[in-house]
1. In the stretch A:49-117, which strands (runs of 3 or more DSSP E) lie fully inside it and hold 1 or more residues that are more than 14 Å from chain B (Cβ to nearest Cβ) and either over 13 Å from the mean Cα position of the chain (by Cα) or surrounded by fewer than 19 Cβ atoms within 10 Å (Cβ to Cβ) (or both)?
2. Find the residue count for the stretch B:38-75, including only residues that are more than 21 Å from B:Gly95 (Cβ to Cβ) and buried (at least 20 other Cβ atoms within 10 Å of the Cβ).
3. Kindly indicate whether A:Ile46 is modelled with pLDDT under 95 and out of contact with any helix residue (DSSP H, G or I) (no Cβ under 8 Å at 6 or more places or on another chain).
4. In chain B, which strands (runs of 3 or more DSSP E) lie fully inside it and hold 3 or more residues that are more than 9 Å from chain A (Cβ to nearest Cβ) and free of Cβ contacts under 8 Å to residues at least 24 places away in the same chain?
5. Could you list, in sequence order, the residues of the stretch B:49-75 that are of a type in the set (Val, Ile, Thr) and at pLDDT 95 or above?
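The values are calculated or read from the model by the stated rules, or taken from the named source; none is laboratory data. Quantities reported herein were computed from a predicted structural model and do not represent experimental measurements. Quick reminder, even Gly has a Cβ in these numbers, built from the backbone with ideal geometry, and neighbours come from all protein chains shown.
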Amino acid sequence: DAGITQSPRHKVTETGTPVTLRCHQTENHRYMYWYRQDPGHGLRLIHYSYGVKDTDKGEVSDGYSVSRSKTEDFLLTLESATSSQTSVYFCAISEPVGRDRSGNTIYFGEGSWLTVV
Amino acid sequence: DQQVKQNSPSLSVQEGRISILNCDYTNSMFDYFLWYKKYPAEGPTFLISISSIKDKNEDGRFTVFLNKSAKHLSLHIVPSQPGDSAVYFCAASQGGISSGSARQLTFGSGTQLTVLP
């Protein structure tokens, strides 16, 4: 158990509405990530954070924004949800590469299933 | 353009036999590789990793082989057990094991392993 809690775990929303997914960690890890998983694509990085108020874009960042006001919380916001954003969203955490063994992998949360109708 | 490819969407193996899952990559800058296992409705779980300075890493029933010249890695599971039935994701990153940076992973699309009793 990597000490990562995602909420909500399941959500159905309508096209055009805003949605925020929350990731909370208890490990005090520096880096936090948001990935989405879609059939045929594996997991793709949306955004990541390298510290409080420090974030950067990933491979599929269009239509998403993130915020990190505390070390333990990383929020993913869909400002105006579209059907193409129906997906499973995974939060992940890691330590800096090489800091210790735990920095050489990243740990995932349980996932948030989002359906946009 | 997928930089990490898992060309077999599914694999069935008899219990007790060897499971071999394959992964190819195109980005020669990748220098650290990981395998994750994922059960339905759960987050991916780290399984085993290998740095590009090695060609083999073993952990119990799991062995990962890396062929840098062919840009190919494989995961061997011996002996296979029914509890190994899951989706296996290959992932790759740059930064080795000592860069101090975030661990940004590029994933393959996954292989569904089914171990038959």
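1. A:64-70, A:73-78, A:112-116
2. 3
3. Spelling it out, it is not the case that A:Ile46 is modelled with pLDDT under 95 and out of contact with any helix residue (DSSP H, G or I) (no Cβ under 8 Å at 6 or more places or on another chain).
4. Of the strands (runs of 3 or more DSSP E) lying wholly inside chain B, those with at least 3 residues that are more than 9 Å from chain A (Cβ to nearest Cβ) and free of Cβ contacts under 8 Å to residues at least 24 places away in the same chain span B:56-59, B:62-67.
5. Those that are of a type in the set (Val, Ile, Thr) and at pLDDT 95 or above: B:Thr63, B:Val64.
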